[in-house]
Structures are given as C-alpha cells and as structure tokens.
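Okay, so here's the structure we're looking at.
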Amino acid sequence: MSLVVEGFLNTVALTLLSFAGALAVGLVVAVLRIVPVPLLQGVGAVYVEVWRNIPLLAWLVLFVFGLPEVGVKMPLFWTAFTAIALYEAAFVAEALRSGVSSVAAGQGEAARALGLSFRQSLRHVILPQAGRRVVQPLANIAIALTMATALAGVVGVVDMTRAAQRINLELAQPLLVFTGAGLCYLVMAAGIGFGARVLERRLA
Amino acid sequence: MFDAPGPRFRRRVFWVSVVSALVLAGLVALGLRQFAAGGQLDPVRWRPYLTWPVWRYLLGGLWSTVVAACATGVLAMVGGLLLALRPNRFTRAYAEVMRTVPVLLLVYVMLFVLPSFGLNLPLFWKLVVPLALSHAASYAVIFRAGVDSVDPGQREAGLSLGMPDGAVTRFVVLPQAVRHMTPLLVTQAVSLLKDTSLGYVVSYTELLFNGRVLANYNGLLIQTFIVVAFIYLVVNLALSRMAHRLEAGRARTAR
C-alpha cells in the first residue's frame with residue numbers, strides 16, 4: 001500500500017516542481033528570444049531547438065547516469081526534476097513567445113502612436129493580451145509534463161507508473177492496477193484543465 | 001514591436017552583446033573544465049566514435065527508429081482519420097484519455113498485462129501499437145482543427161458553383177486544411193520520432209537502446225549518449241527544415 005502512496009506523491013511532486021522550474025527557465029528563454037540583441041536571440045533559439053529535438057528519455061539517461069561521472073552528484077529525484085524542467089522549459093518558451101507574437105502588430109504600433117514608451121506598451125498593452133492567450137497552451141504543456149514524469153520511472157524514480165508495475169508483480173492483478181494508475185493520471189489532468197479554465201476566466 | 005534603433009540604442013545593444021558573450025564563454029569554459037576534470041574529454045574516450053563499426057551499429061539503430069516511426073505514423077494517421085470523421089461521445093472520450101495517460105503505461109500494459117491473456121506480440125509491435133494508439137488521438141485533434149480552420153464560406157462557395165459535395169471536400173476544403181495543418185503535422189512527426197525512444201524500455205533495438213548496449217559494452221556512457229542525442233538532434237532538425245521548405249513552396253503555388 002505504501003508503494004501506491006509513494007508513487008502517487010512522487011508523480012505529483014515531480015509534476016508540480018518541474019512545471020514551476022519549466023515556467024521559470026522558459027520565461028528567461030522566451031525573454032532571450034524576444035530581446036533585440038541578436039546574440040541573445042541566438043542563444044534562446046539554440047536552447048529551444050536542442051532541448052526540443054532530443055527525446056526526454058535520452059536527456060534523463062544522460063543526466064541520471066552521466067552527471068555522476070563528471071562529478072555532479074545529486075539525489076535521483078532532483079536529477080530527474082532538473083532534466084524534465086529543462087526539457088519542458090523549451091516548450092514553455094515557445095508557448096510564451098507565440099503568445100506575445102500573436103498579439104496583433106497593430107496593437108504595439110497603436111501604443112507607440114499614443115506616445116507610450118516600450119516598457120509601458122509592453123506592460124499595459126501587449127502582456128495583458130498575451131497572458132490570456134498563453135493559459136491554454138501552458139495547460140496543455142502541464143498535462144504533457146504529467147505524462148512525461150512517467151519516464152522518470154525508467155531511470156529509477158518510483159513514480160506512479162513504476163509503482164504500478166511493481167505492485168502488479170506482487171498482486172498479479174494487471175487490469176485493476178493499471179486502470180487505477182491510468183485513472184490517477186486522468187484525475188490530475190482534469191485538475192489541471194479545471195485550474196486553467198478558472199485562470200482564463202480570471203484573466204479575461 | 002520595435003522602432004528602428006537609434007545610435008544610443010545601438011550602443012546599448014553592443015555592450016549587452018559583449019557582456020553576454022563573456023558570460024556565455026565563461027559558462028562554456030566552466031562546463032568544459034568540469035568535463036575535463038573527470039577525464040571525459042580524453043581523446044581516447046572519443047576515438048571510437050570516429051570508427052565505422054560504432055557508427056554502423058548506431059545508424060542501424062537509427063534505421064530501426066525510422067522504421068518504427070513510419071509504421072506508427074501510418075497506423076496513427078489512419079486511426080486519427082477514423083476518429084476525426086466520426087466525432088461522437090466515444091471518440092471524444094478516447095482522445096481525452098489518450099491525451100492524459102502516459103504512453104509508458106500503455107507500453108507496460110503491452111509488456112506485462114496482455115501476455116497473461118495470451119496476446120504476446122513481437123517486440124516491434126509492442127512498441128508500435130501503444131505509440132499508434134496514443135498518437136492516433138493527437139492526429140484526430142489535428143485533423144479536426146485543420147478542417148474546422150477552413151472558412152465555411154469556402155464550402156458554400158463551392159456548392160453554389162454546382163460542385164458535388166465530395167468534390168468540394170476533395171478540391172476546396174482539404175487542400176486548404178492540409179496547408180493549415182502542416183506545422184502541427186511536423187511537430188507531431190518529431191514528437192513521434194522522439195517517442196520511439198521508448199524502445200529503450202521494450203528492448204527493441206532502436207537508436208537509444210543501441211546506445212545503451214554500446215555504453216554497456218565499451219563503458220563510454222557519456223560519449224555514447226551525447227553522440228546518440230546528437231543524431232536525434234540532426235534528424236529532427238532536418239525533418240523540420242524539410243517541412244518548412246515544403247510549406248514555403250506550397251504557399252507560393254497557392255497564390
């Protein structure tokens with residue numbers, strides 16, 4: 001029974017922490033890609049392309065088994081957290097960037113025509129409109145991230161999927177165990193979807 | 001979003017560039033020192049990756065990855081089309097469940113559950129079937145969004161010209177829908193190719209699994225997986241580039 005609780009808590013903790021980390025890093029990367037300095041734009045673009053185009057499982061293997069060999073030793077849970085957060089940050093950055101660029105160019109021009117400074121037009125015109133539009137894409141990323149945490153089970157973190165597999169070895173009740181695990185993911189996704197709808201209404 | 005920069009702004013951009021270049025160089029140097037301290041930059045540890053047998057093994061893995069990705073893509077697109085054509089309560093529930101349940105869980109069901117019911121597929125299908133089940137839902141969403149994105153006036157215009165219903169779909173709606181869908185289809189293809197790395201779990205000899213075997217054999221874990229990651233990067237970037245070029249070409253002919 002404790003295995004169930006441990007798996008569920010690990011999945012929830014990994015999801016929440018990685019999403020917070022991905023938001024923080026993704027915000028920085030998105031700013032890098034928008035800032036009018038070519039070098040920084042390049043750094044942001046390289047970050048996104050490199051992380052997005054390599055499978056998360058490859059990153060997890062590289063981090064979990066590779067980092068100790070170069071002398072970076074962290075607990076397993078935090079290594080998995082780092083890999084997942086940095087991976088999802090690339091998707092967060094893209095969502096934020098396309099949110100900002102989806103605000104019609106005319107809005108920025110109108111703000112400038114009214115004499116608002118760059119900072120003012122960003123603060124009062126562009127970001128409020130972009131904020132509303134990024135909620136749904138970010139919620140989709142959060143749901144994808146919930147699924148992605150299952151991969152941490154492959155490299156040894158006892159998350160819900162791995163716990164389900166181990167419990168099944170003992171109980172030999174595959175239908176019950178795996179359906180239960182699936183339901184847990186459904187409930188978490190439903191929670192994220194609900195939170196996103198509330199947030200969207202709040203921002204509208 | 002920006003005015004054309006004036007001299008003061010250009011000067012500021014210059015100094016920000018210089019400072020960030022220095023910071024970047026410092027970070028790279030720090031990382032390299034960390035690698036060198038563990039002896040990971042030793043040429044001996046990299047030389048095997050200049051030899052053909054190692055590359056033949058890894059490229060063999062890549063080939064299996066591509067085969068699995070193509071098989072999954074075909075199955076998932078057919079499934080997605082079937083789901084998109086019949087929007088009812090069952091297909092919506094299916095898409096919702098598949099959007100939230102990890103593929104790994106489905107893979108475990110294939111590996112540990114179905115054999116006890118007497119269904120023991122070959123390794124290839126143990127990887128492809130769960131991936132196709134999961135990606136079919138994504139394709140259904142993409143197809144439906146693509147068809148919905150075409151202005152209903154287009155269909156009405158076609159019908160009012162006296163075209164039969166099937167011809168309107170075939171010649172008016174679908175070409176526009178496909179053009180709208182292309183970027184999403186590329187993202188989906190990249191995500192599918194990445195997901196075949198679950199072969200690592202299934203023991204299907206694709207790229208990541210071959211990397212694991214190679215690393216166990218020669219003990220060069222970091223080097224092997226960096227090379228493997230690099231191969232994934234190159235293949236996926238090429239895929240995106242190709243699609244962009246295709247899209248640009250089609251956008252020109254559309255006018």
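Each value in this text was obtained by applying a stated rule to the coordinates, not by laboratory testing. Only a predicted model underlies this, so the values are computations on that prediction, with no experimental measurement involved. Backbone-built Cβ (ideal geometry, glycine too); neighbour counts: all protein chains shown.
Here chain B is assigned +1 on the Cβ of each Lys and Arg and -1 on the Cβ of each Asp and Glu. Its dipole about the Cα centre then comes out at about 660 debye.
Our analysis of the protein assembly as shown gives Rg over Rh at 0.98, with the two radii drawn from alpha carbon positions and Rh computed by the Kirkwood formula. Computed from backbone phi, the HN-Hα couplings of segment B:44-49 come to 4, 7, 9, 4, x, 7 Hz, rounded to whole numbers (Karplus: 6.51 cos²θ - 1.76 cosθ + 1.60, θ = phi - 60°; Gly and Pro given as x). Can you give the local net charge around residue B:223? Use residues other than it whose beta-carbon is closer than 13 angstrom to its beta-carbon, Lys and Arg +1, Asp and Glu -1. With Lys, Arg at +1 and Asp, Glu at -1, the neighbours total 0. The tail of the calculated P(r) for segment A:1-159 beyond 26 Å holds 37 percent of all Cα-Cα pairs. For segment B:135-218, the residue among B:163, B:137, B:190 whose Cα projects farthest onto the positive side of the dipole built from Cβ charges is B:190. Taking the centroid of alpha carbons for each part, segment B:1-74 and segment A:3-49 are 18 Å apart. Note on segment A:111-204: with charges restricted to the Cβ of Lys and Arg (+1) and Asp and Glu (-1), its dipole about the Cα centre is near 680 debye. Within the listed set B:16, B:97, B:67, the residue fluctuating most in the Gaussian network model of chain B (springs between alpha-carbon atoms under 10 angstrom) is B:16. Reducing segment B:79-94 and segment A:118-164 to their Cα centroids gives an inter-centroid distance of 26 Å.
Kyte-Doolittle cut-off 0.0, length cut-off 30 Å along the helix's own axis using Cα: show which whole DSSP H helices in chain B pass. Numbers along the way, then the final one.
Details: long enough: B:7-37 (45 Å, 0.99); B:52-85 (48 Å, 1.49); B:123-148 (38 Å, 1.16); B:221-254 (49 Å, 0.94).
TM-like helix candidates: B:7-37, B:52-85, B:123-148, B:221-254.
Seen against the Cα atoms of chain A and their longest principal axis, helix A:160-171 is set at about 10 degrees. For the options B:20, B:203, B:240, a Gaussian network treatment of chain B with springs between C-alpha atoms closer than 10 Å singles out B:20 as fluctuating the most.
Each of B:200, B:81, B:62 was scored by the projection of its Cα onto the charge dipole of segment B:54-254, and the greatest displacement toward the positive side belongs to B:62; charges sit on the C-beta of Lys, Arg, Asp and Glu. When only the Cβ of Lys, Arg, Asp and Glu is charged (+1, +1, -1, -1), the dipole of chain A relative to its Cα centre reaches about 720 debye. Between helix A:38-52 and chain A there is an angle of about 30 degrees, using the helix long axis and the longest principal axis of the Cα atoms. Ranking A:116, A:139, A:128 by Cα position along the charge dipole of segment A:2-203, where only Lys, Arg, Asp and Glu carry charges on their C-beta atoms, puts A:116 farthest toward the positive end. If you run the Gaussian network model on chain A, springs between alpha carbon atoms under 10 Å, then out of A:33, A:97, A:166 the most flexible one is A:166.
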